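The values are calculated or read from the model by the stated rules, or taken from the named source; none is laboratory data. Please read all numbers here as calculations on a predicted model, not as lab measurements. Ideal geometry is used to build each Cβ from the backbone, glycine not excepted, and the neighbour counts take in all protein chains shown. Quick note on the areas: whole protein, heavy atoms, side chains included, nothing else; ligands and nucleic acids left out. Shrake-Rupley method; radii C 1.70, N 1.55, O 1.52, S 1.80 Å.
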Protein chains: 2
Amino acid sequence: MPGRSVDDDRSDTVVTPSAEFPPLDPAEVDTLRRVGAQWRTGVPPALPVDPTLDRYRSRPAPGRFSRLAPIALFRPEQDDRPEQDDRAGRDGLVAAEPANRPDSRLGRRLGRFRRAVLGPPLTSAAVLHERMRKLVALPVLSSDLLSSVAYGPEALLTVLVLAGSGALGLTLPLSAGLVLLMVAVGISYRQTIPAYPHGAGSYLVAGDNLGVGAGLTAAAGLMLDYVLTVSVSIAAGMHAITSALPGLMPFTVPLGVLVILLLLAGNLRGVRTAGNIFVLPTYAFVAAVLGLLVVGYLRAAGRGFAPVAPPVVPATEGLGLLLVLRAFASGAVSMTGIEAVSNAVPAFRPTEWRNARTTLAWMVAMLVVLFAGLTLLIHLTGLVPRPGETLLSQLARVTFPTGPWYAVVQATTALILLLAANTAFNDFPRLLFFMARAGHAPRRFLHLGDRLAFGNGLVALAGTATLVYVAFGGHTEKLIPLYAVGVFLAFTLSQSGMVVHWRRHRGVGWRRRALVNGVGAVLSGLVLLTAAVAKFTEGAWVVVIAVPLLVLLFHRVHRHYRALHAALALRPPPGGREPGAHPPPTAGEPPATPAPAPAAPAAPAPASAGPGRAAGSVEREEVPQELRHLVVVPVARLNRASMRALAYAVSLGRPTLAVHLAPEDAEADRFREQWRAWGDHVRLETIVSPYRAVIGPLAHYLAALHAAAPELVLTVVVPEVVLRRPWHRLLHSRTGHRLRRALRELPGVVVTSVPVHVVE
Amino acid sequence: MPGRSVDDDRSDTVVTPSAEFPPLDPAEVDTLRRVGAQWRTGVPPALPVDPTLDRYRSRPAPGRFSRLAPIALFRPEQDDRPEQDDRAGRDGLVAAEPANRPDSRLGRRLGRFRRAVLGPPLTSAAVLHERMRKLVALPVLSSDLLSSVAYGPEALLTVLVLAGSGALGLTLPLSAGLVLLMVAVGISYRQTIPAYPHGAGSYLVAGDNLGVGAGLTAAAGLMLDYVLTVSVSIAAGMHAITSALPGLMPFTVPLGVLVILLLLAGNLRGVRTAGNIFVLPTYAFVAAVLGLLVVGYLRAAGRGFAPVAPPVVPATEGLGLLLVLRAFASGAVSMTGIEAVSNAVPAFRPTEWRNARTTLAWMVAMLVVLFAGLTLLIHLTGLVPRPGETLLSQLARVTFPTGPWYAVVQATTALILLLAANTAFNDFPRLLFFMARAGHAPRRFLHLGDRLAFGNGLVALAGTATLVYVAFGGHTEKLIPLYAVGVFLAFTLSQSGMVVHWRRHRGVGWRRRALVNGVGAVLSGLVLLTAAVAKFTEGAWVVVIAVPLLVLLFHRVHRHYRALHAALALRPPPGGREPGAHPPPTAGEPPATPAPAPAAPAAPAPASAGPGRAAGSVEREEVPQELRHLVVVPVARLNRASMRALAYAVSLGRPTLAVHLAPEDAEADRFREQWRAWGDHVRLETIVSPYRAVIGPLAHYLAALHAAAPELVLTVVVPEVVLRRPWHRLLHSRTGHRLRRALRELPGVVVTSVPVHVVE
């Protein structure tokens, strides 16, 4: 039965480009109103140019670097709404596509390359949910899950066989246990889908019901899962290929990295094209494996279903409970990928949740059939894992000694494994998007690139997966111990969250549902513990350490964004303030704590609002009528660059001061003479810097001016020589740049760069 | 006889910190005057603060990061001159030493480390020529020359012995030839010194007399020489050490690099301390070798001066003229370092040139004695070069079979070789200084650091020498073929330049002097050709290719600075212009050529002087009364940062426009509503960017505004969030930075950064 959780906002899984510009809540709008009421601007001077560019369309001039006049790049918004008041209701402009292209030559070349590889940009209006039919959704979403059967049974047997061929008798009981687990988790997820019809990833479900910490833990587990999905799938796919073509084995690592890059490029091109690629290979794989099973069982029937004795393998470890548990946990990696459907519910056609639920059922059924069928057949054929060749490959060779069918099985296996990696490329950036929207991940993951794909998230995934893949040298079996922990962590938290959900919304039959999810949660939790403990030394310790570290990282990121938001939020002005009055600042004021809730007026604090207050006090929003300016121009030589800066500074009509730093007295005198020859239009202050430093004394001088008159805004006008060619910058000291960097640290100092373009 | 060359300026070898601020010539001052006459500023508003900081000394407030109030860092200049007119004749300020220290925590830690290693800063007044007595100057300046005897004879014999032990009979004749060469070149340089009493490096002499190209070629040869001096000396010193202590041989390369770094640190500390270190080791080396010679000759006398037969070495090459020439050229590396005295003439006590000349004579005499003595003794002792041990080491072992004297010889040899590298550390930065002053090298080499050392030049030398040393694995013998070419190139050009010099100043006895220099030039030229040709395949090709490339590089650098100077030079305003009138700009004006000589008024060009002219026209100095402003504020969100930027913009009192880029129509509407709630104090223009780009459309919009009204100055006010901790920057997109970079390319756009400091 469809329902919504308490916080509709957080389960809102609509991805929109405007997520980077969240709307203000009513309290913030009220603060905005009050701040604006303080402004006294009088009659602003009329604009000397028409900002809508309407008057100039008839006489376009060519742009600096292109044939198109920049005016032609913008067109007015088509707007049906009636005009509101004259100033603010006017239509805006819309930027045409060439307006995005950068102007530098290097930028344009890169842009052309990008467009060739990725395609032309897509407009925001193209963000629609692409709706899939069930028969299309099934292969698209199940590739990860079904591809797991390529390595799942092998993982199980690889551990069992450590106790010698005798232990192989436990194969069937363990497989039965895994099938039960699959069914239980499948049923559990089947219930989750109606409860979160807009998409129900573990992060959202756990965060919704169990709190932020649980949500972040689930997210950490999922992120590790996605990275490992890519690494393991690529490794397994490479393994399948090298089983068929052993000559390629030395190139496993470079080929795998190449495949990851191809997947990255394909996803950067956009999601839309990705979906259609899946249908055929997935069905082909299923058909191939079913064919393998049919032929294999026919042969076994020919033998009367008598199992072939496996080759004798000496035991290297004792057969104990721990080994059995390890084998079980290894085999459980066959379940990775069940989440895909619940993540993608909005992608189905209406009624979304019903169709998703049905698809999930089919998917789990197929998994059970393939997994059980393969495991039983392997048992009947008496195969054991061997290095250098996958178990599935061995089975295919035995079943199809002649003909092309072996190659078909291997090829479809490799293909579906490589495509399974792609589901991670879908889900990882979306997870990061939701986390970034809540402030737990860097905001750059909110950004939809020009192909409507989360470029930053895709690159992050590709980079991390490549690192892991290369670090493990492309060996599947070493990665699998890490794999199970993350996945079952997410499973456990998700299903526990659902239990809490049902308890909270006591709808019809909530007890039954809670029981089902509870059983799934308990089983997943057992597998989680098993995997974490039994495989700890084999590599699971990495995950056990990484998850808390990731959660800590997410908390720190969130804390930063929260502090940033608090620092940048508008604060309402204190009441009863006369515009224009500012009592003298108190020196050495103790640092005030950040302002309390916006609605309460601030406690007795000085009413002046210049940004250059005494260090440590809370800086309030300035109102323009209270800003007092002093313009400072550092002058090194009297050349064109300095003249432009001086002319600009004086033309602002505010008090202006020129500052010259001299290395010696004699040079200072010489400069003062030149200044007089120029006509002494601006007050000059010379500072002799006997240690030949420039940035330090200048920054300290400005700090001294600031300390002398904290209510002033100091505007430093710095001339900047702009060179055409980048290598010419080697011939220039970066004094302007270093000066700007030093000045940036001073409160109350505004830096203005006046460029002088040198065309050489 | 002391004389001066025609261009006194270029032979002025006084190093001064004001070299970075060259004075203006009279034509430039006149232009400055005329430009200043155009300014109409009316009565400038009074400064709201006292720039001399005088009024605030009584109430200092602590600085942001330190206990010192920034005001206390400055004190008024002590000035004896009477007050001139009130505004410009006032004293300036002098920055105290703590004013140099940066304010960031990392900067202060680095500063403390720097002061610990290098010592406290020295004031400019400390740039005095340190005067040396002859007995001190001799060891300081001769270490390079004398140390060459440690590897010179060996280099000679190493080549000779390729033709078998039979060829060793040519040792004495070749050595005699080398001695003649040393004497000739010595006499030749003895003449150069009086002609250039302020220092006479090859660069200056060749550039003075043979033209810029020859000067640059000599400079290139010298630079290669200096780099190789360091590399070869360090390698030879390491070789001497590992001859005595073979266990250190695997660590040759790291130890050598460490020594180079130590030399670098010592030189960065300042030249003054370096001088005193030389005296003892040089005299010790001379004494050790003389002692070696004395004992060796006594033993040989005991044998009746009968030469011991050398061990039989099979011939690997034929004994031909080419081999003999190669051997000669290899032995000629014993002469590297003769230039040291002529470079350092100003460092002697008066009468400088006489003392320098005498010191040079002693130096060459000592070289001849040591070189001839060693070569003869080696011949008498019948030694041949062996890998793994230097020849000098073999000689010392034979001569001092017991006792500590062998160790003394090796130790002093190693020491003087390491110190020989130091002469390059003296001369290379000075060479770069002179080249930079003429515009042939980057200006950063003009800068005197806070220990009055040319830090940039020192680091450049150390870096290059390290690269060469490591690339050759610390093997001396491979570097020597490169060595001779650069050195003798400089010798040849220098002495040829002197010939031209004597011809030009036909003083008393000029023919004799020209002949002496001519003989030296011819001999050096022969050795140069020999070295370049005979050793071409052994490595001299590197130098043969590098020198023209370097000269080309110097030319390009000079061309850039010349173009830069032309672009930045003040141009006088055209005559007869009415202030305030500006005819409409002509669209599509063809690019005008750069203005001709400053004295001639410019041809008919538009008289308006706004910086935002039609693309391609010559931009003239603006005068403030003709600047028209438009202030543009890009606003993304309505938070404190944007409020500050808007308040600042409006407070300037100029026409102001706010621009918002929205990813979708809905968001644009939402923003316009918020703007109205705020009170609509500034005209707003919204641009919908349907491809979600920000920088491109904004830059193009500003270009469109500029194209619509080219006479305006567009001031873009960008809010900048300044974070305390650097790693927080990972969590923020660099939109502000990218915007500034894109806007920098646009003509007529001034960028203002209003900082908002986030204290977290």
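Below, the figures for the structure above:
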read-out: Region A:423-432, residues that are open to solvent by less than 20 Å² (accessible area, probe 1.4 Å), farther than 19 Å from A:G152 by Cβ and more than 14 Å from chain B (Cβ to nearest Cβ); value: A:F425, A:F428, A:P429, A:L431
read-out: Options A:L263, A:L258, A:L248: the member that is of a type in the set (A, V, I, L, M, F, W, C), in a helix (DSSP H, G or I) and open to solvent by less than 40 Å² (accessible area, probe 1.4 Å); value: A:L263
read-out: Test: residue in region B:314-329 that is over 20 Å from B:S165 (Cβ atoms), among the β-branched types (V, I, T) and open to solvent by less than 60 Å² (accessible area, probe 1.4 Å); value: no
read-out: Residue within region B:365-375 that is β-branched (V, I, T), at pLDDT below 90 and buried (at least 22 other Cβ atoms within 10 Å of the Cβ) present; value: no
read-out: Members of region B:625-648 found to be polar (S, T, N, Q) and more than 7 Å from chain A (Cβ to nearest Cβ), listed by number; value: B:Q625, B:S642
read-out: Any chance B:A315 is under 25 Å from B:L178 (Cα atoms) and part of a helix (DSSP H, G or I); value: no
read-out: Selection count, region A:194-203, where residues are over 25 Å from the mean Cα position of the chain (by Cα) and surrounded by fewer than 24 Cβ atoms within 10 Å (Cβ to Cβ); value: 1
read-out: Residue in region B:711-721 that is open to solvent by less than 30 Å² (accessible area, probe 1.4 Å) and either of a type in the set (D, E, K, R) or within 24 Å of B:A666 (Cα to Cα) (or both) present; value: yes
read-out: Residue satisfying all of: in region A:413-422; open to solvent by less than 20 Å² (accessible area, probe 1.4 Å) and within 16 Å of A:A288 (Cα to Cα); nearest to the chain's Cα centre (by Cα) among these; value: A:L417
read-out: Filtered residue count, region A:705-722, keeping only those that are at the interface with chain B (Cβ under 8 Å from one of its Cβ atoms) and under 23 Å from B:L446 (Cα atoms); value: 3
read-out: Members of region A:434-444 that are part of a helix (DSSP H, G or I) and surrounded by 22 or more Cβ atoms within 10 Å (Cβ to Cβ); value: A:F434, A:M435, A:A436
read-out: Tally, over region A:736-760, of residues that are open to solvent by 30 Å² or more (accessible area, probe 1.4 Å), over 36 Å from the mean Cα position of the chain (by Cα) and at the interface with chain B (Cβ under 7 Å from one of its Cβ atoms); value: 1
read-out: Filtered residues of region B:662-698 (kept if under 14 Å from B:L743 (Cα atoms) and either among the aromatic types (F, W, Y) or at the interface with another protein chain (Cβ under 7 Å from one of its Cβ atoms) (or both)); value: B:G696, B:P697
read-out: Boolean, A:V547 is at the interface with another protein chain (Cβ under 9 Å from one of its Cβ atoms), of a type in the set (A, V, I, L, M) and closer than 21 Å to A:A214 by Cβ; value: no
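Every residue, every condition in (1) surrounded by fewer than 20 Cβ atoms within 10 Å (Cβ to Cβ); (2) under 30 Å from the mean Cα position of the chain (by Cα), yes or no:
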residue: A:N456; (1), (2): no, yes
residue: A:A465; (1), (2): no, yes
residue: A:K478; (1), (2): yes, yes
residue: A:L489; (1), (2): no, yes
residue: A:L493; (1), (2): no, yes
residue: A:S496; (1), (2): no, yes
residue: A:G509; (1), (2): yes, no
residue: A:V519; (1), (2): yes, no
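Listed here are the residues, each with its yes/no results for (1) part of a helix (DSSP H, G or I); (2) more than 26 Å from the chain's Cα centre (by Cα); (3) crowded, with 24+ Cβ neighbours inside 10 Å.
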{"position": "A:A184", "(1), (2), (3)": "yes, yes, no"}
{"position": "A:I187", "(1), (2), (3)": "yes, yes, no"}
{"position": "A:G207", "(1), (2), (3)": "yes, no, yes"}
{"position": "A:L216", "(1), (2), (3)": "yes, no, yes"}
{"position": "A:V227", "(1), (2), (3)": "yes, no, yes"}
{"position": "A:M238", "(1), (2), (3)": "yes, yes, yes"}
{"position": "A:T242", "(1), (2), (3)": "yes, yes, no"}
